Every structure is written in structure tokens, then in C-alpha cells.
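Single-structure report; data block below.
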Amino acid sequence: MILNRELNRRVLFKVGGATALTATATVTSGIAAASPASSAEATAKRYPRGQELFIGSYTSGSNHGLGVSAVEIGEAGKLGTSRIVASLADPSFVVTSGSRGYAVLESAQGRVAAFDLCPQTPSAKIQQSQVFGADPAHLAYLPQGRLVVANYTSGSVVLLATGDALSGPTVLDTLQLQGSGPVAGRQDGPHAHQVVPTGYGTVLVSDLGSDTVTEIEVTESSLKAHSVLRVPAGTGPRHLVLRRSETADEILVVGELDTRVHLFRRPRREAPGGWEYAGAVVLASTTGEGYSAHLVVNGNLAYVSIRGQNQMSVLQLAEPQENAGGALPQLIQEVPSGGDWPRHFALNQFNGTEAVLYVAHQRSDNIAVFRVDETGLIGEQIQDFAAGTPVCLVVH
């Protein structure tokens with residue numbers, strides 16, 4: 001989005017989501033220690049041939065993106081040869097399913113695109129459809145060939161059928177969110193930012209503009225708001241993760257405007273509602289202009305990128321609690337992100353052993369690659385990979 005819309009989204013950050021790890025996390029142990037193996041054997045097991053990092057980017061105005069591109073993941077998780085997958089305008093979020101990719105095209109007349117992941121040319125077999133909303137920021141792929149899109153500026157949520165290689169996506173239903181918040185210029189109305197499927201027939205939608213998370217029931221062809229979860233005024237919910245154990249459910253919500261992670265809890269159930277607010281913790285030990293962006297949970301660790309302060313934060317999580325009174329996360333690590341404006345990142349783990357972290361920097365045109373050690377903490381940076389205005393990363 002252009003100036004007012006990303007002070008919104010795109011230019012504020014010049015001035016100032018069927019992936020390897022999804023936004024719904026089943027609680028397991030942390031990254032296990034690697035077993036002894038030769039370097040060649042370990043590399044072959046951890047980085048299978050053909051695995052790539054797909055990159056969504058901003059292309060308009062002074063941005064330098066190439067649409068949707070893909071980079072080969074090679075030895076030790078380093079990035080290698082790149083190719084253009086789909087020549088699209090401002091594909092700011094990408095998901096993959098099988099041999100197909102889907103992207104939201106962020107503009108005042110928002111669109112969603114469907115494309116092959118291995119096309120003969122970057123313009124081959126691309127289908128585009130309107131989403132009848134402004135500046136779509138996120139989408140989620142659901143079973144039975146459906147997509148749910150969050151429109152940021154218009155504050156609406158759209159359900160689409162994915163279609164096929166000939167017809168492309170088609171709109172089935174639209175739900176308009178309501179509300180506003182106290183932060184002038186950022187919370188004048190609803191701003192849907194992310195869609196997270198729960199696995200029991202609903203999606204959770206973060207609304208940066210109204211300080212809410214809405215749980216929406218999804219049928220084959222319709223959307224219906226069920227319950228609204230409220231965070232403190234001025235939080236600006238951006239991204240979230242649903243954690244589930246055998247006995248409890250927990251939602252972690254990152255506030256873009258307050259640089260905190262907020263928690264909701266309940267006893268485990270396969271139905272919407274019943275959430276209690278449990279509290280919040282700060283994501284940085286130093287004060288400064290920071291805008292939290294993306295959140296990934298792996299086992300009992302949570303990773304968060306913070307723009308402005310340009311850092312990655314790691315939190316230790318307790319087991320999900322059935323009520324609001326349980327322990328809150330603890331901040332255990334803060335490291336420089338390796339560039340300017342870390343908007344999105346992807347954690348790439350293999351065989352429960354080693355992992356690497358890819359961090360996309362919107363303003364410095366690079367992806368920083370870090371080792372992640374056997375405890376899950378972020379280790380040394382092993383590569384600085386040039387990429388034009390990267391804003392979304394998907395390992396596939």
C-alpha cells in the first residue's frame with residue numbers, strides 16, 4: 001500500500017503465513033540434538049533436493065521486488081540460484097499447496113492470484129480475481145480448495161473457491177469487520193491483518209484497527225462471525241498463533257503498536273468461543289520505536305520480528321494452560337535481525353535436528369540466514385542474501 005495506507009503498511013516502514021511451520025502449533029518438545037553423522041549425510045537429510053524458499057515482494061513505486069520468486073536451498077540451508085515464479089504486482093503474502101501457489105496483490109483494488117510453482121515462463125497460467133476489498137494483506141489455504149483473505153484497508157474478510165488452472169479463484173462470501181481504536185492514523189477503522197485456521201471449522205482474524213481477534217465460522221460457502229476477543233486499547237493485533245495441547249488451547253497475539261505478545265486461554269475444545277484474556281509480556285528489553293511484525297511458534301519457543309528496533313526476539317513458553325492464571329512467556333533472547341525492517345521470516349527445520357532461520361528485510365533488500373542451535377536459540381548469521389523488497393517467505 002502507498003503512504004497513507006501503510007502508516008499504514010508500506011511507506012510507514014520506509015519512514016520510520018501451507019508453510020513449513022503453520023500458525024497453528026501442536027505443542028511438542030524443542031529442537032532435538034543432532035545425532036552423529038557425516039557432513040554429507042546430514043546435509044542430504046536436512047536439505048532435500050528441490051526444496052526452495054519462495055519470496056513475495058513489493059514491486060511498485062520505489063520498491064525493488066520481482067513479484068514471486070524462488071531460491072534454491074542448498075548446503076547448510078544457504079540460499080543459491082533464484083528464479084522468477086510469477087510476474088505479479090505487489091504480492092505481499094504467499095501460500096503454497098501442492099504444485100500451486102496463491103498470493104494477495106496489495107492495492108486499492110485488491111486481487112488474489114493463483115499460479116503454478118514451476119511454470120514454463122513467469123507469466124504462464126496465472127489467474128487473478130478481485131477480492132472486493134482494499135489492500136489484502138494475508139490469506140490462508142483451507143481444505144476442499146478454499147481461500148480466506150484479510151483485506152487490510154477495507155477491514156473485510158473474503159472466502160473464495162480456489163478454482164482450477166482455467167477458472168481461477170471465485171468469491172463465495174464477504175464479511176465486514178467493525179470497530180476502531182485510539183491510535184490516530186492507524187486505528188480509524190477495522191484493519192484485518194491475518195487469517196489463521198483453527199482446524200475445527202473456524203478461522204481467527206486479527207484486526208489491527210479495532211484491537212480485536214474475531215473467530216469466524218467457515219462453511220463450504222459462507223462466513224459467520226462467532227465471537228470477538230479483545231486486547232487492550234492501542235495494541236494493534238497483527239499476527240497470531242494458535243497452540244493446542246491435549247488439555248488446553250492458547251492464542252498468542254503480537255501487537256504491532258505496543259510491541260507485546262498477548263495471550264488468550266481456554267480448556268481444549270473443538271468449537272469456537274470460551275477464550276479468556278491471560279495477560280501480555282514485552283518483546284524487547286530496551287525501549288524505542290518498534291513495530292512487531294511476524295510470529296512463529298516451534299515447540300515451547302516463540303520467535304518474533306520487530307521492525308524499527310530491527311531485532312529477533314525469542315520467548316520461552318509454558319505448556320498451554322486451561323485458565324488465564326497460568327505462567328506467561330519469558331523473553332530469553334534478543335539478536336540483531338541482520339538488516340533493516342524485518343517484516344517476515346521462516347524457520348526451516350529438518351528431521352527434528354538442526355534448523356535455519358530466514359529473515360526478510362523490507363527496507364535493506366536482503367534476507368539474513370541464521371543457524372538455529374539444538375536448543376532452539378538463534379545462532380550465528382551464515383549468509384546475507386540480496387533480494388528486492390522481500391516481505392513474505394515460504395519454504396516449500
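Which residues, taken from the stretch 339-396, are touching an Asp or Glu at 6+ places or on another chain (Cβ under 9 Å), assigned to a strand (DSSP E or B) and among the small types (Gly, Ala, Ser)?
Those that are touching an Asp or Glu at 6+ places or on another chain (Cβ under 9 Å), assigned to a strand (DSSP E or B) and among the small types (Gly, Ala, Ser): ALA355, ALA368, GLY379, ALA386.
How many residues does the stretch 55-85 hold that are among the hydroxyl-bearing types (Ser, Thr, Tyr) and either under 18 Å from SER99 (Cβ atoms) or out of contact with any Gly (no Cβ under 9 Å at 6 or more places or on another chain) (or both)?
Step one: list which residues in the stretch 55-85 are among the hydroxyl-bearing types (Ser, Thr, Tyr), which gives 57-60, 62, 69, 81-82.
Still in the running and either under 18 Å from SER99 (Cβ atoms) or out of contact with any Gly (no Cβ under 9 Å at 6 or more places or on another chain) (or both): 60, 62, 69, 82.
The total comes to 4.
Which pairs do you get when a residue that is within 16 Å of VAL281 (Cβ to Cβ), found in the stretch 226-241, comes within reach of a residue that is at pLDDT below 95 and part of a loop (DSSP other than H, G, I, E, B), reach meaning Cβ atoms under 7 angstrom, with the pair 6+ apart or on two chains?
These pairs meet every condition: LEU240/ALA23; VAL241/ALA23.
In this structure, is GLN311 within 20 Å of the chain's Cα centre (by Cα), farther than 25 Å from GLY181 by Cα, surrounded by fewer than 19 Cβ atoms within 10 Å (Cβ to Cβ) and at pLDDT 95 or above? Step through it out loud before you land on a result.
Working: within 20 Å of the chain's Cα centre (by Cα): yes; farther than 25 Å from GLY181 by Cα: yes; surrounded by fewer than 19 Cβ atoms within 10 Å (Cβ to Cβ): no; at pLDDT 95 or above: yes.
Spelling it out, it is not the case that GLN311 is within 20 Å of the chain's Cα centre (by Cα), farther than 25 Å from GLY181 by Cα, surrounded by fewer than 19 Cβ atoms within 10 Å (Cβ to Cβ) and at pLDDT 95 or above.
Please work out if GLY209 is surrounded by fewer than 18 Cβ atoms within 10 Å (Cβ to Cβ) and assigned to a loop (DSSP other than H, G, I, E, B). Steps first, answer last, please.
Details: surrounded by fewer than 18 Cβ atoms within 10 Å (Cβ to Cβ): no; assigned to a loop (DSSP other than H, G, I, E, B): yes.
It is false that GLY209 is surrounded by fewer than 18 Cβ atoms within 10 Å (Cβ to Cβ) and assigned to a loop (DSSP other than H, G, I, E, B).
When the stretch 281-297 is examined, which residues are found to be of a type outside the set (Val, Ile, Thr) and surrounded by fewer than 19 Cβ atoms within 10 Å (Cβ to Cβ)?
First, the residues of the stretch 281-297 that are of a type outside the set (Val, Ile, Thr): 283-285, 288-295.
Answer for the stretch 281-297, where residues must be of a type outside the set (Val, Ile, Thr) and surrounded by fewer than 19 Cβ atoms within 10 Å (Cβ to Cβ): ALA284, SER285, GLY288, GLU289.
Considering only the stretch 53-65, how many residues are buried (at least 24 other Cβ atoms within 10 Å of the Cβ) and within 9 Å of ASP90 (Cα to Cα)?
Number of matching residues: 4.
Quick one: VAL68 ticks every box in (1) buried (at least 23 other Cβ atoms within 10 Å of the Cβ); (2) over 18 Å from GLY388 (Cβ atoms); (3) of a type outside the set (Gly, Ala, Ser) bar one, so which box is it?
Answer for VAL68: the failing condition is (2).
This table checks each residue for (1) within 30 Å of GLN381 (Cα to Cα); (2) touching a Ser or Thr at 6+ places or on another chain (Cβ under 7 Å); (3) surrounded by fewer than 19 Cβ atoms within 10 Å (Cβ to Cβ).
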position: ILE84; (1), (2), (3): yes, yes, yes
position: GLY98; (1), (2), (3): no, no, yes
position: ALA114; (1), (2), (3): no, yes, no
position: PRO119; (1), (2), (3): no, no, yes
position: GLY145; (1), (2), (3): no, yes, yes
position: GLY163; (1), (2), (3): no, yes, yes
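Can we say LEU331 is under 18 Å from HIS262 (Cβ atoms) and surrounded by fewer than 18 Cβ atoms within 10 Å (Cβ to Cβ)? Spell out the reasoning first.
On the way: under 18 Å from HIS262 (Cβ atoms): yes; surrounded by fewer than 18 Cβ atoms within 10 Å (Cβ to Cβ): yes.
For LEU331, the condition - under 18 Å from HIS262 (Cβ atoms) and surrounded by fewer than 18 Cβ atoms within 10 Å (Cβ to Cβ) - is met.
Test of understanding: among GLY185, GLY168, GLY189, which residue is surrounded by fewer than 24 Cβ atoms within 10 Å (Cβ to Cβ), in contact with a strand residue (DSSP E or B) (Cβ under 8 Å, 6 or more places away or on another chain) and assigned to a loop (DSSP other than H, G, I, E, B)? Explain how you work it out, then say what you get.
Numbers: GLY185 fails: in contact with a strand residue (DSSP E or B) (Cβ under 8 Å, 6 or more places away or on another chain); GLY189 fails: in contact with a strand residue (DSSP E or B) (Cβ under 8 Å, 6 or more places away or on another chain).
Matching residue, one of GLY185, GLY168, GLY189: GLY168.
The values are calculated or read from the model by the stated rules, or taken from the named source; none is laboratory data. Please read these numbers as outputs of a predicted model, since none were measured by experiment. Don't worry about glycine lacking a Cβ; one is built from the backbone with ideal geometry, like all the others, and counts go over all protein chains shown.
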